[in-house]
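Asks: For reference, the structure I am asking about is given below.
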Amino acid sequence: MNAVFAHTIYTGRSIVNDSFLLFNDDGIAGISKKKRGMVVGEYAVVTPAFIDPHSHIGMHRAGEPPQESESNEQLDSILTLSDALDSVVMDDQAFRDAIEMGVLYSCVVPGSGNIIGGRSAVIRHYGKNSSDALIGRAGVKAAFGYNPMSTQSWKGKRPSTRMGALALLRSRLDEVRQKMGKYREAKGAKKQDITFSSEEALLRDILEGKERLRVHVHKIDDIAALLRFVDEYKLVVTVEHALAVCEPDIYDELTRREIPVVYGPMDAFAYKVELKHENWRNVRHLVNSCCKYGLMTDHPVTATRTLFLQTRWFLRAGLTKQEAVELVSRKNAEILGIDGMLGTLEKGKWASFSCWNGDPFEMGSYPLTTYGEGRLLFVDIGK
């Protein structure tokens, strides 16, 4: 068994001082005040691995021209069977940059140019290839608002308005819902005559609440439209972005419905009209609500390596340092459904963590080492 000693350990639930984090290849063995096992390092601070819950890392790759990006497929506006994992390339330099700053996992999603963009993939940044990187799924990407109506030059049936985009989505969902009704009512051999294509089967899972829709949405009225769809089709959703929410009431409604928010990215330029109300002070409405939320980078809109840096806005809005660490570890893991493996430094969880030279919230601090599942991934070698 190995151990690292730290003056401060952020567990993802609490803060423990002057203790040893015990771990091996099988995961975290516990936290002890007494020295146990082989001590492989002494550090100022240890934090859990950070998790980016909404990213295009590996799809939109560092050092490659924009036309080679694979974050959006332009074939049609509804692409249920597209799989983000199929466009992830692990030689993206951004993975190594993220590991160096303690961000070891991402939920990679297709871009928001399509009404439905395809399946998400939760990945480890240190996978040997995309198959090895995959650790789970976290729903299907969808988009409301400006983005789907901005892609009229792309192939397929494309909307020019919000109402057009939602009409296309409503039409497709209605087709599958009607077929589901016929299947339920059919008896005997007639039931066997009703079959669902792979696309229809995934849309059926969405309608039955077995698959979550991760919905790109910024403005209050676009969230209101999403909630009408939730009522109409009994969908299970997350609100992704919400940067232009400049009034608190919509968060009360999301809290009542137990719909989580994946917020961000905090340090992006407001480059389109639907972001005209974007301001870092908007985050206080989220912090002051009882809504369940996490924090994203939307890489490459902001770089994955900056995920923890963006928690400074939440500190200004009233979060404690411990709560800020939880935001990019435990809370993101819970929203993605991977909290059985990651998010906290508790016995039985994966031994994925970072060891810092000082307080992570001070500008001059950085990880000296990072570990993923008990394996040493990065060692700072100085200047």
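The values are calculated or read from the model by the stated rules, or taken from the named source; none is laboratory data. Remember, it's a predicted structure, so these values are computed and weren't measured experimentally. Every residue, glycine among them, receives a Cβ derived from its backbone with ideal geometry; neighbour counts consider all protein chains shown.
Asks: Select, from SER71, SER55, SER77, the only residue that is over 26 Å from MET266 (Cβ atoms) and assigned by TED's automatic domain parsing to the domain that holds ALA242.
Replies: SER77
Asks: Of everything in the stretch 303-359 that's over 18 Å from the mean Cα position of the chain (by Cα) and of a type in the set (Gly, Ala, Ser), which residue is surrounded by the most Cβ atoms within 10 Å (Cβ to Cβ)?
Replies: This residue is SER354.
Asks: Just one of the numbered conditions (1) in the same structural domain as GLY139 (by TED's automatic domain parsing); (2) loosely packed, with under 15 Cβ neighbours inside 10 Å is not true of ASN17; which one?
Replies: The failed condition is (1).
Asks: Right, next: Say whether the condition of being crowded, with 24+ Cβ neighbours inside 10 Å, within 21 Å of the chain's Cα centre (by Cα) and not hydroxyl-bearing (Ser, Thr, Tyr) is met by at least one residue in the stretch 58-67.
Replies: Yes.
Asks: Output yes when any residue across the stretch 288-300 is among the basic types (Lys, Arg) and either crowded, with 22+ Cβ neighbours inside 10 Å or over 22 Å from the mean Cα position of the chain (by Cα) (or both), and no when none is.
Replies: no
Asks: Suppose we filter the stretch 87-145 for residues that are charged (D, E, K, R) and either closer than 30 Å to LYS219 by Cα or crowded, with 24+ Cβ neighbours inside 10 Å (or both); how many remain?
Replies: So the answer is 3.
Asks: Counting just the residues of the stretch 1-45 that are basic (Lys, Arg) and out of contact with any helix residue (DSSP H, G or I) (no Cβ under 7 Å at 6 or more places or on another chain), which one comes out nearest to VAL325 (Cα to Cα)?
Replies: LYS33
Asks: Restrict the check to the stretch 26-33 and report whether at least one residue is outside the structural domain of ALA242 (by TED's automatic domain parsing), among the acidic types (Asp, Glu) and in contact with a strand residue (DSSP E or B) (Cβ under 8 Å, 6 or more places away or on another chain).
Replies: No: zero hits.
Asks: Quick one: how many residues across the stretch 1-37 are more than 26 Å from the chain's Cα centre (by Cα) and in a strand (DSSP E or B)?
Replies: 20
Asks: Let me ask something additional. Could you tell me which of the residues PHE196, PHE229 is touching a helix residue (DSSP H, G or I) at 6+ places or on another chain (Cβ under 8 Å), under 25 Å from ALA84 (Cα atoms) and in contact (Cβ under 8 Å) with a residue 60 or more places away in the chain?
Replies: PHE229
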